[in-house]
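Each remark here refers to the structure printed beneath this line.
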Amino acid sequence: MTTQRCVPATTPHNRRKPPDATAHRNTCLGFVGLVAFATTVVIANWASTHWPVLLVGSIAVPAGTAWAGVTLTLRDLLHEALGRRGVLVAITLGAGMSWLLATPQIASASVVAFVVSEAVDSGVYARLRTRSRVGAVLGSNITGLVTDSVLFVPLAFGSFTSVPGQILGKTVATTLTVTVLLVAKPTRRVMR
């Protein structure tokens with residue numbers, strides 16, 4: 001029996017290029033983002049199915065709204081790490097998992113709203129990304145949250161009553177996630 005030893009990628013004996021650290025990091029971040037995105041979709045639908053509507057003053061906010069708002073920013077991060085195909089995989093995964101934890105009406109509404117709003121959101125993000133990452137996240141999230149809310153609420157609950165609450169909750173979630181991105185951006189530069 002012979003043993004083989006590992007030859008480092010940088011020796012002349014091995015002509016393969018060393019793995020690209022940035023590509024590896026993006027793939028890892030993409031996978032984590034994919035799991036986080038699908039998880040937040042499921043939590044949003046589960047909460048919308050099993051938790052009562054929250055009242056903020058006189059505005060009715062469906063319980064899963066904040067989680068749905070987080071998915072908008074996660075979608076943008078997925079777009080960065082995995083591209084459009086990764087986003088489509090995440091949407092499909094989240095929608096499929098929703099069928100397991102939500103009512104058929106909530107799951108169906110979620111699929112329709114996510115597919116349409118994520119397509120619109122993705123298009124806006126891709127166009128704005130060349131100018132500013134944070135601007136792209138803000139612009140695409142605002143477009144996506146309005147589109148998603150106008151589609152999801154009537155399909156899930158049978159009326160437009162909760163649309164303002166859905167928009168409010170997603171706006172708060174977007175503001176918080178964009179704030180995290182702004183705070184994390186200088187931190188990442190310091191760490192390099």
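Where a number appears in this text, it was derived from the coordinates with a stated rule and is not lab data. From a predicted model like this one, the values you see are computed outputs, not experimental measurements.
Annotations
- Residue-by-residue Karplus 3J(HN,Hα) for the range 140-150, coefficients 6.51, -1.76, 1.60, Hz, glycine and proline x: 6, 5, 4, 4, x, 5, 5, 4, 4, 5, 5
- Sorted from longest to shortest, the spans of the Cα atoms of the range 81-192 along the three principal axes equal 48, 29, 25 Å.
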